[in-house]
């Protein structure tokens, strides 16, 4: 099946191979949905490929005990307010339902599940390849986020550990941890949530690579712009983007104050090695533990872009605004300074505007 460039495809009933279109959007999380919305509004033909079988982006994978009330700073998508009558509902349910409604309300051309394996040049175009089919496009918006690419550090002895190890991406809630001794590794929001949920039923040990920085400073627009500018400068130089906490520190929220009052936030430095029954520090001290939870964050899921050879020697991508400096028709929405819910919305609008000028210098016929 093909459809003319500049025209909108009919809502797909299944995965269609060998399709020509103007733009392929990869990933149907917030960044991808926002990009698709602005592409449709501009009259630009496109498809939206998503690896998950259901709507919800990364949110559908979050642990069920994470309530929507615990989610900070979620910004609604364009032209559809998010109304949550019961903030005690799991965030995964609330936001998956919201994303489903958004896809349906704006009739976005989502095809799922599609596991994109590579994006390569095909003459003047891009060829997006997956086991389910291939799509040729003049432009690509990559909105794959990072949930599918967990950062799991390798430490000596990890393979010999007889207990359980899991990453944030695989945590499903406190059930099964009662009475255990649990090491939580990481200094971000997820680690703090795990400590909150597990400390009443288990003995927790909090470990971080660097001393956590807590801040009572108000997060003003000026501070936000300064942080974004710092991240933009970093990615322009081809450096991999840092985590949100690395750039902002940890705000002294009621949760952190409560954990401190309960004596839960007794941070220890990173251990040196893992033993069959626990962890050992550089000074020789040892703790027997049952479980290690790696709340160590994620990296941008960009392996499918490897054929384009975008990586700089430092491992990042040299960026010019929202696109790699060498690829003005490829936009990375949700990467670097746009890796936030409000940042992704803004970046999607900008990406579509720039692609429209790049692909259709004489204007788009709607």
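The values are calculated or read from the model by the stated rules, or taken from the named source; none is laboratory data. The structure displayed is predicted, hence computed values, not measured ones. Heads up, the Cβs are rebuilt from the backbone with ideal geometry, glycines too, and the neighbour counts pull from every protein chain shown.
For the structure I just gave you, tell me whether residue 96 is surrounded by fewer than 17 Cβ atoms within 10 Å (Cβ to Cβ) and closer than 17 Å to residue 51 by Cβ.
Details: surrounded by fewer than 17 Cβ atoms within 10 Å (Cβ to Cβ): no; closer than 17 Å to residue 51 by Cβ: yes.
Answer is no for this residue.
All but one of (1) surrounded by fewer than 19 Cβ atoms within 10 Å (Cβ to Cβ); (2) more than 28 Å from residue 78 (Cβ to Cβ) hold for residue 294; which doesn't?
It fails just one condition, (1).
Could you tell me whether residue 344 is surrounded by 22 or more Cβ atoms within 10 Å (Cβ to Cβ), closer than 20 Å to residue 128 by Cα and touching a residue at least 24 places away in the same chain (Cβ under 8 Å)? Walk me through it before giving the result.
Working: surrounded by 22 or more Cβ atoms within 10 Å (Cβ to Cβ): yes; closer than 20 Å to residue 128 by Cα: no; touching a residue at least 24 places away in the same chain (Cβ under 8 Å): yes.
So residue 344 does not fit the description; no.
Being over 21 Å from the mean Cα position of the chain (by Cα) and surrounded by 13 or more Cβ atoms within 10 Å (Cβ to Cβ) is the filter here, so list the residues in the range 109-127 that pass it. Write out each step before concluding.
Here is the first cut: in the range 109-127, the ones over 21 Å from the mean Cα position of the chain (by Cα) are 109, 120-127.
If the condition is that a residue be over 21 Å from the mean Cα position of the chain (by Cα) and surrounded by 13 or more Cβ atoms within 10 Å (Cβ to Cβ), then 109, 120, 122, 125, 126, 127 are the ones that fit.
Looking at the range 80-146, what strands (runs of 3 or more DSSP E) fall wholly within it and have at least 3 residues that are closer than 20 Å to residue 35 by Cβ? Working first, answer last.
Details: elements: 118-122, 125-130, 133-142.
The strands (runs of 3 or more DSSP E) meeting that bar are 125-130, 133-142.
Return the only residue of 43, 7 being at pLDDT 50 or above, surrounded by fewer than 17 Cβ atoms within 10 Å (Cβ to Cβ) and either out of contact with any helix residue (DSSP H, G or I) (no Cβ under 6 Å at 6 or more places or on another chain) or within 12 Å of residue 135 (Cα to Cα) (or both).
Values: 7 fails: at pLDDT 50 or above.
None of the others qualify; the one that does is 43.
Can you tell me how many residues within the range 49-88 are at positive phi and more than 15 Å from the chain's Cα centre (by Cα)? Spell out how you get there, then give the answer.
At the first step, the residues of the range 49-88 found to be at positive phi are 56-57, 73, 79.
Okay, now just the ones that are also more than 15 Å from the chain's Cα centre (by Cα), so 79.
Matching residues across the range 49-88 total 1.
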